[in-house]
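Report on one structure; see the data block that follows.
The values are calculated or read from the model by the stated rules, or taken from the named source; none is laboratory data. Here the structure is a predicted model, which means the values were calculated and not measured. Heads up, the Cβs are rebuilt from the backbone with ideal geometry, glycines too, and the neighbour counts pull from every protein chain shown. Just so you know, the surface numbers come from the protein's heavy atoms only, side chains and all, with ligands and any DNA or RNA stripped out. Shrake-Rupley method; radii C 1.70, N 1.55, O 1.52, S 1.80 Å.
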Amino acid sequence: MADRIEVFDRRLLRQRRERAVATLAAHDFLFAEVATRLVDRLADIRRDFSTALDLGCHTGFIAKAAEGLPAGKIGTLFQADLSPRMAAAARSNADIPTLAADEEYLPFRDAGLDLILSCASLHFVNDLPGALIQIQRALKPDGVFLAALFGGATLTELRQAWLAAETSLEGGAGPRVAPFADLSDAAGLLQRAGFAMPVADSDTITVTYDNPLKLMSDLRGMGETNVLIERRRTPTRRATLTAVAEHYMAQFGGDDGRAPATFQILYLTGWAPAEGQPQALKPGSATSRLADIFDTPEQSAGEKAGPR
Amino acid sequence: MATQNRAAVDPKLLEILVCPLTKGPLRYDEAKQELISQKAGLAYPIRDGIPIMLVDEARELNPDETPSTASG
């Protein structure tokens, strides 16, 4: 544990979440939208889940989105959030069992849950592979993990505007926007954590704001501002903030004078391993030729795949 | 069900919880509203029916708080 690499200040994140309880309702459309999209994907999985957990529940967006699911899709839903105050808010919004838990130290016994959902929370976990292993172990065999988290292209405009403003005004730039996971890493992470049939895909939500300062105030209201350990500890100067807004609008501002902000959402799906799950066939094990099926001459593509 | 105490912790939730530090079993102390991990020497508080499974919110057990039965 001593040599863990810490990127995010989890204590600060918790404080941000605690504080955001009061403001989130006015800034929650992105969380609500992502939760709806996540639950849509759940609806596509043709089985019911007797126990499910929303890991990183904020004020309960999954519970709200899940109201539209057919009865019996989810038997019992549990909710967990890093912030006890957020958990309390989630429980008062929907009277379902809720706890406070840290995604890095999950308090769930092995093979106890049928489904774990997570909406826009896992992007601030220091040890994502470690968290995914714990999630996989908490699932029953053939249990499902379905998560949405912010991906690498998220807030790319803001990242670039900060860099430009700080380099020109202060002669150096500090990290302002978190290093989110990339889509290309996501399926591999699931596989490393022992998930069967890992799937990762992404979509992009572009939100337009009156100006970049509105975006920053939205992030603050969501409890999503900088929690990087290597963040600058000095207060941001007014001039720098103005310069950020100017760079932002000069580079990315729309013809309508508004500021677009990109949020890339990664969707991760994986199954806890179980007997009888579909397995990928070994290369070269086919018993019929595609060329025969399509009634066309076979075109060699080079080396034949051999058994390994 | 309508009169169920909102502050009570859900029994189904208790069934799946373990100590986040040791992944060992927890003992539910209903009077004190705590979940006790003997192995970690920690008591996790339950506030208004919400188990707070965070190590830095847990109370360290006193040496005299030994388990009545040897377990964990």
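What tally of residues in region A:75-87 results from selecting those that are open to solvent by 30 Å² or more (accessible area, probe 1.4 Å) and either under 18 Å from B:PRO11 (Cβ atoms) or free of Cβ contacts under 8 Å to residues at least 40 places away in the same chain (or both)?
As a first pass, look at region A:75-87 and keep what is open to solvent by 30 Å² or more (accessible area, probe 1.4 Å): A:75, A:85.
Cutting the leftovers down to either under 18 Å from B:PRO11 (Cβ atoms) or free of Cβ contacts under 8 Å to residues at least 40 places away in the same chain (or both) gives us A:75.
Count: 1.
Report yes if A:ASP256 is modelled with pLDDT of 90 or more and under 30 Å from A:LEU281 (Cβ atoms), otherwise no.
So A:ASP256 fails the test.
Please go through region A:5-41 and pick out each residue that is modelled with pLDDT under 95 and open to solvent by 70 Å² or more (accessible area, probe 1.4 Å).
Correct list: A:ILE5, A:GLU6, A:ARG11, A:GLN15, A:ARG19, A:ALA22, A:ALA25, A:ALA26, A:PHE29.
Scan region A:32-70 for residues that are assigned to a loop (DSSP other than H, G, I, E, B) and of a type in the set (A, V, I, L, M, F, W, C) and jot them down.
Hits for region A:32-70 are A:ILE45, A:CYS57, A:LEU69.
Could you check, for region A:292-301, whether at least one of its residues is in a loop (DSSP other than H, G, I, E, B) and closer than 30 Å to A:LEU190 by Cβ?
yes
Please specify each residue of region B:27-58 satisfying the condition of being farther than 19 Å from A:GLU103 by Cβ, among the charged types (D, E, K, R) and open to solvent by 80 Å² or more (accessible area, probe 1.4 Å).
B:ARG27, B:GLU30, B:LYS32, B:LYS39, B:ARG47, B:ASP48 - these are the residues of region B:27-58 that are farther than 19 Å from A:GLU103 by Cβ, among the charged types (D, E, K, R) and open to solvent by 80 Å² or more (accessible area, probe 1.4 Å).
Consider region A:126-178. How many of its residues are within 14 Å of chain B (Cβ to nearest Cβ), open to solvent by less than 20 Å² (accessible area, probe 1.4 Å) and either in a helix (DSSP H, G or I) or aliphatic (A, V, I, L, M) (or both)?
Of the residues in that region, 5 qualify.
Within region A:106-131, can you find the residues that are under 22 Å from B:ALA43 (Cβ atoms) and either among the small types (Gly, Ala, Ser) or in contact (Cβ under 8 Å) with a residue 24 or more places away in the chain (or both)?
Step one: of region A:106-131, the residues under 22 Å from B:ALA43 (Cβ atoms) are A:106-109, A:112.
Of everything in region A:106-131, those that are under 22 Å from B:ALA43 (Cβ atoms) and either among the small types (Gly, Ala, Ser) or in contact (Cβ under 8 Å) with a residue 24 or more places away in the chain (or both) turn out to be A:LEU106, A:PHE108, A:ARG109, A:GLY112.
Hey, does region A:98-111 have a residue that's open to solvent by 10 Å² or more (accessible area, probe 1.4 Å), within 12 Å of chain B (Cβ to nearest Cβ), small (Gly, Ala, Ser) and not in a helix (DSSP H, G or I)?
Yes: one or more hits.
In region A:212-233, what count of residues is obtained for those that are surrounded by 15 or more Cβ atoms within 10 Å (Cβ to Cβ) and not in a helix (DSSP H, G or I)?
So the count comes out to 8.
I'm told A:VAL207 meets every condition in (1) touching a strand residue (DSSP E or B) at 6+ places or on another chain (Cβ under 8 Å); (2) more than 19 Å from A:ASP28 (Cα to Cα); (3) in contact (Cβ under 8 Å) with a residue 40 or more places away in the chain except one. Can you identify the failing condition by its number?
(2)
Out of the residues in region A:13-47 that are within 14 Å of chain B (Cβ to nearest Cβ) and in contact with a Lys or Arg (Cβ under 9 Å, 6 or more places away or on another chain), state the one that is farthest from A:LYS214 (Cα to Cα). Don't jump to the end; show me each part of the working.
Taking region A:13-47 as the starting set, the residues that turn out to be within 14 Å of chain B (Cβ to nearest Cβ) are A:13-15, A:17-18, A:21.
Imposing the further condition that a residue be in contact with a Lys or Arg (Cβ under 9 Å, 6 or more places away or on another chain) reduces the set to A:17-18, A:21.
Values: A:ARG17: 19, A:GLU18: 21, A:VAL21: 19 Å.
That would be A:GLU18.
Any residue at all in region A:263-275 that is touching a helix residue (DSSP H, G or I) at 6+ places or on another chain (Cβ under 7 Å) and charged (D, E, K, R)?
For region A:263-275, residues touching a helix residue (DSSP H, G or I) at 6+ places or on another chain (Cβ under 7 Å) and charged (D, E, K, R): absent.
Kindly list, by first and then second residue, each pair from a residue in region A:278-295 that is at positive phi to a residue that is in a loop (DSSP other than H, G, I, E, B), limited to pairs with Cβ atoms under 6 Å and residues at least 6 apart or on different chains.
Hits for this filter: A:GLY284/A:ALA305; A:GLY284/A:GLY306; A:GLY284/A:PRO307.
For residues in region A:73-97 being within 8 Å of chain B (Cβ to nearest Cβ) and in a helix (DSSP H, G or I), which is farthest from A:LEU12 (Cα to Cα)?
Restricting to residues being within 8 Å of chain B (Cβ to nearest Cβ) and in a helix (DSSP H, G or I), the top hit is A:ARG91.
Taking region A:48-74 on its own, how many of its residues are without any contact (Cβ under 8 Å) to a residue 40 or more places away in the chain and farther than 19 Å from A:GLY223 by Cα?
12
Select the strands (runs of 3 or more DSSP E) contained entirely in chain B, then report the ones holding at least 3 residues which are modelled with pLDDT of 95 or more and among the aliphatic types (A, V, I, L, M).
Fully inside chain B and qualifying: B:42-47, B:50-53.
Sort through A:GLY270, A:GLY257 and tell me the only one that's more than 30 Å from A:SER168 (Cβ to Cβ) and either in contact (Cβ under 8 Å) with a residue 40 or more places away in the chain or open to solvent by less than 60 Å² (accessible area, probe 1.4 Å) (or both). Don't jump to the end; show me each part of the working.
Working: A:GLY257 fails: more than 30 Å from A:SER168 (Cβ to Cβ).
From the options A:GLY270, A:GLY257, the qualifying one is A:GLY270.
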